[in-house]
1. Round to the nearest 0.05 the FRET efficiency obtained for D:TRP385 and B:ILE18 when R0 = 22 Å and r is the Cβ-Cβ distance.
2. Decide, for segment C:27-88, between rounded, prolate and oblate: order the square roots of the alpha carbon gyration tensor eigenvalues as a ≥ b ≥ c, take rounded if a/c falls under 1.5, and otherwise choose prolate if a/b is larger than b/c, else oblate.
3. Among rounded, prolate and oblate, which fits chain D when a ≥ b ≥ c are the square roots of the eigenvalues of its C-alpha gyration tensor, a/c under 1.5 means rounded, and a/b larger than b/c means prolate?
4. Using a Förster distance of 60 angstrom, determine the FRET efficiency expected from the C-beta separation of B:VAL38 and D:LEU60, and round it to 0.05.
5. With a point put 7 Å past each Cα toward its Cβ, work out how far B:THR372 is from A:GLN125 in nm, to one decimal.
6. Within a 10 angstrom radius of each residue's Cβ in B:179-185, how many Cβ atoms of other chains show up on average? Whole number is fine.
7. How much length would be gained if the chain were fully extended between A:ALA63 and A:VAL14, taking 0.36 nm per residue of separation minus their Cα-Cα distance, in nm to one decimal?
8. Ranked from highest to lowest mean number of other Cβ atoms within 10 Å per residue, what is the order of the peptides B:195-201, D:233-239?
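Readers should treat all values here as calculations from the given coordinates under stated rules, not as data from a laboratory. This is a predicted model, so every value here is computed, not measured. Glycine gets a Cβ as well: all are built from the backbone with ideal geometry, and neighbour counts include every protein chain shown.
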Amino acid sequence: MQLTLFLIFAVLAVAGAINLLIQRHPIYSALSLVAVMFALAVEYLILGAEFIAFIQVIVYAGAIMVLFVFVIMVLNAGEVAPAPKSRVAAWIGLPVLALFAILVIGQVYGAFGATQLGLGEYLVQTGPVGNSLFHDFLLPFEVTSVLFLVGVLGAVVLAARQDKAPKPAIAQAEAEEPKAMAAGQR
Amino acid sequence: MNFLNHTIVSWTVFLPLIGIVALLCVRGDAAVRKVALVFTALTFLVSLHLPFHFYSTSGGFQFIQRHSWIPAFHIQYLVGMDGLSLWLSVLTTFLSVIGVLVSWKSVQKNTKAFFILLLLLETGMLGVFCSLDLFLFYTFWEVTLVPMAFLIGIWGHERRLYAAVKFFLYTMAGSLLMLGCILWLYNLTGTFDFTVIKAGLASGAFVLSPTTELVLFLGFFIAFAIKVPLFPFHTWLPDAHVEAPTAGSVLLAGVLLKMGPYGMLRFNLELFPRAAQLCSEWIVILGLIGIVYGALVAFVQPNMKKLVAYSSVSHMGFIIIAIFTFSQIGTQGAIYQMLNHGVSTGGLFVLVGMLYERRHTFDMKEYGGMATVMPIYAGFFVLIVMSSVGLPLLNGFVGEFLIMVGTFTSAVAHAHVYAIIAATGVIWAALYLLHWTRNTIWGELSNAKNKVLKELDRREILVLSSIGALTLFMGLASPWFLNKTAATTAANVAVFQPASPATAAQRRTAPPPLVARTAARLTTGGGQ
Amino acid sequence: MVPLSYYLALSAILFCLGVAGFIFKQDIITVFISIELMLNGVNLAFVAFSHALRQIDGNIFVFFVMVVAAAEAAVGLAIIIAVMRNRNTLDVDQMTKLRD
Amino acid sequence: MSPAIPASFVPGVYYLRILPEIVLSVFALVIMMIEGPAKAISTGSSRARLSACVAFIGCLVALATVWVQAANAGDAFSGMFRVDAFTIFMHILLIAATAVIVLLAMDYLPQQGLDRGEFYALLLFATVGMGFMAGSVELIMIFIGLEISSIATYVLCGYRRHNAQSTEASLKYFLLGSFATAFFLYGIALLYGASGTTNLYVMAAHGFTVSPGGISHAALVLAAAGLIFIGLGFKVSAAPFQMWTPDVYEGAPALVTGFMSAGPKAAAFAVALRIFYVALQGSSASWFWLFWTAAILSMCIGNLGALYQKNLKRMLAYSSIAQAGYVLVAFTALGPGGASAVLFYLAAYVAMNIGAFAVISHWAHREEAYVNLKDYAGLGFRFPWLGFCLSMFLFSLIGVPMTGGFFGKLFVFRTALDAHLIGLTVIALLNSALAAFYYLRVIVYMYMRPQEGEPIACARNTAPLWLALASCLGVTLWLGIFPNQALQYALKGAQQLLR
């Protein structure tokens, strides 16, 4: 039963990932990733990772991916025409990738082939997670606040509209390289 | 004065550095020149302390000063002098004064930087000759490289950039090779201390396999051979000499080239005698090629500075032959010839530079009959050329004679042949130098531009007369100089003396073909 | 019962598909999404190991990966917006201002 | 989990052990806070100057608190963070580097019209991240530290946000950096699976036999090592993962390039030391070849690439690839010798590289109009001190004696020879001869080329610039002439790292 569940959602996840690659429009790719995440959430549940399964849905699929979709919509990003140049990358990249995949799968299979994971053998509930977070993992938990501050600052620095554009910079630069600076005008 | 003996070497080496600090504090080109002169002269005077307090009976190092510098790497500040480095140091300080004097008027652009670099160069050169720690030696060796490249590249002539970069990269490549060898040696012995390494290698405390010894020998040798420059490594020299300002040429020919033979005597022979013997024949052949090739190329040079540069290649060949025939007389002659070459070739560059200051060309065709407009100049010219040719009573004769005798009586195979070929070099030198003298000094004053040339001024007379006096003094008072180096050279070649006359005779009578012999020694491990 | 290696294989497949997306997709946002896919693949490996080892650590690790992914997404999307403002394109192949 | 976990109470001394990070975070927060209110009452430039001063003071205080940290050596936070000589060494190096960058920013940002306080906050946060990278002995903390410093650096790269090049550099760095992080993370996952712990020292003590199945994990560990190597290789721009470096270094603001090439790189090497030298010590025979190959590739690609560059930032990008190669040579030597050579070389590299970028970013002028080789013609004599400083840094990068770069190289070569890596040493020696050529070309331009066109007016040299240049030069010469003390510290750090 567990194997059937695993296989169903594994197939779903892989299908979602492949769809992500096939789709041309970024919005479909983003939605495919959401599908992958939902499938993975189920896999997490099968593995007894209750807490992770829930935040996978709520935070990852719910919040982060919504941000993606939102940005795609705001930027009105459309399809990008395939250029012949990137095919060159495919010739080099695909064999390398295939080799890598075979290697990794082979390794993990060789190392862990015998281990069986049973349903419900080990359940991680929210309580122990919280306990662990505030004892053993207190430091990383606190430090992630710095990470978020950096994130906030980054968004402010890069994306916020400025009160006033640096006038002299643009004036001088325009004389030298007009087209590169055109975007700075707004 | 005894208390000075412990620190005198450091004073000599670092006085120019103090001069740099002083130069940074003064303003105005005139003041800069004076300060530079004062400090080089002071260094010269201080360095004169050395020969007067040097015990000529001792073959070991004197004036030793030892401080721990980087204990984590067993690096010491270890300086000292023996007969080998003594006169070269004095030569350096002397030529530095000359270098400042000849740049008095010719350097007008960025004067302060010029003299700072000149003083830095002096410190580097002095450091090379007195360092007894391999790391310290390498440091000073590289320190000479940078200012010289700048002197050529900034104050040089038309193709100065090419010459400076070529000089830098050539010598840098050689010195990196040497660095690799120094590190390897450190790896094998655990110390950078030259005296310890030498004693350890001699006593068998450190054992190098024949291959290791050969590789180390070659690593050091190539670095030094580039500096000498030995025949196939010489291509940087004409460019550097021709493009360098006069002071740069003087110091390059006078001192920097001496760092090569110095290094060979100090490191190649003292540390790796077996490998030195193994390779000596090849090196001597290269030296002979250098003598003949340098002389022939010098003969056909229309450019006077190139002529002097190629004459250096030729003259340095003598020194190499003397070093690698391992006789005491020859080694004495090599050291003496290093000094002679420094004085006389330095003098030739000064002479060429003085003409250039007046006419702004090195082309021999532009000159002729200078004796009529500049008689004093012509007098000095002839004197210094004669010294370079090796006229008896002048210094060059003593050195060349000792080298010939040393080579001829050497125990190595084919010594006679070497001596005879080398002797032809003297004839070649006479040929191209006299040819040059005839074309420039004598003859008709055909070029109208030359008719208005000014005679030497007092400063120039001072420079040339001090060089001229030195050639005479060194020609007449050679025993005083050679006394100081005798003990050192005796110790230096002691390793190479054959154990008994019989073996030497045996070797001389039946020499197998050179190539076969070298190959056989390589395979059997370099033993005799 | 499911062998651990099945989970790991799934994780590796997802990771490799992410790598493929990173290499072959031309749209910047999709490239970024591919990186998220790689992270998801890694997360699965963590959870599977966590279960196999009977340890909570792997779960916590996944939690932090998600946190990091969130911060990365915020900054990454800000960068994409800034690029879009300057260049008006999201094509990776158009990012050629900096080339030899 | 790791041993000796205090059940419910974390003693205050634990906070002392991460005091520099706390100080830096607090000062960064102060900057963020004063940026808001000050906006209402003062003009842009004086506000930013205030932020700059706060940032500089923050760095100094953090440096001072490193002594507090050093006095309270030991593990903190359930063995997540370890204060030992290695941590202290890296902390001093990283925080001092940031302090110099802050000083330079006081000169650079107003000149570029980018004078906003967020720059300093980001810089300090990045340093917090790097500090955690250097001090953490737990993969999870290392990962978070890495992300903090990386994300802050991504943003700093795009700081000139109206400039297409700058944002493009930011994007490239971000995408490839995140890509690399994913590899790093996958490697961590495999290590965790193979060992059952994420604590590096526990991992080193128990080996890789704890995990279920009882099968040998050698291959798995090798895969993990490879993945982590890919991740860190991107961060230190080691070949063959260097392709982003020239583009990003060229596009980012010059000062940020200087920062990127120093701090994050050094911190990534610190992480590599902790992971490979400690946790994966037992399997060094298998991962050794990764580093060996990368060292050769980095040196050759970096030096050959740099030969043809006309843009100085791009040239130094290739040079930094080559310099990473030298560090990797030391890395392959293994043992305390290798670790201490890495540490010493990093110190020398950070000083000379930041110094070189200090001159470049000052000389770049508004919108970085002058970063090409030809713009340096005649600089040496018109601005003798600026020229002197740049030449000294370049000589140090070449490896001329009496400079830190030389002694660093010497140490690296010596260590490599000690480890019988003769072929590698020879290649490294040849490379440093090759590298002399392109560094020298800058000096040739500065001193020996006549200036073409109108002379470039140099921006006013400010006191912070001189302070920064003097300290870089001082450290470079100190490490070259009296390196003994730094060598001792590096050795002590290496020994405690491997304890």
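1. The pair D:TRP385/B:ILE18 has a calculated efficiency of 0.60.
2. Values: a/c = 8.63, a/b = 2.80, b/c = 3.09.
Since a/c reaches 1.5 but b/c is at least a/b, the shape of segment C:27-88 is classed as oblate.
3. Oblate, since a/c reaches 1.5 and b/c is not below a/b.
4. Efficiency computed from Cβ-Cβ geometry: 0.85.
5. 12.0
6. Values: counts 8, 8, 0, 3, 9, 5, 0.
For this peptide, the per-residue mean of nearby foreign Cβ atoms is 5.
7. Taking 0.36 nm per residue and subtracting the Cα distance, the gain is 15.4 nm.
8. Per-residue Cβ counts within 10 Å, averaged per peptide and sorted highest first, yield D:233-239, B:195-201.
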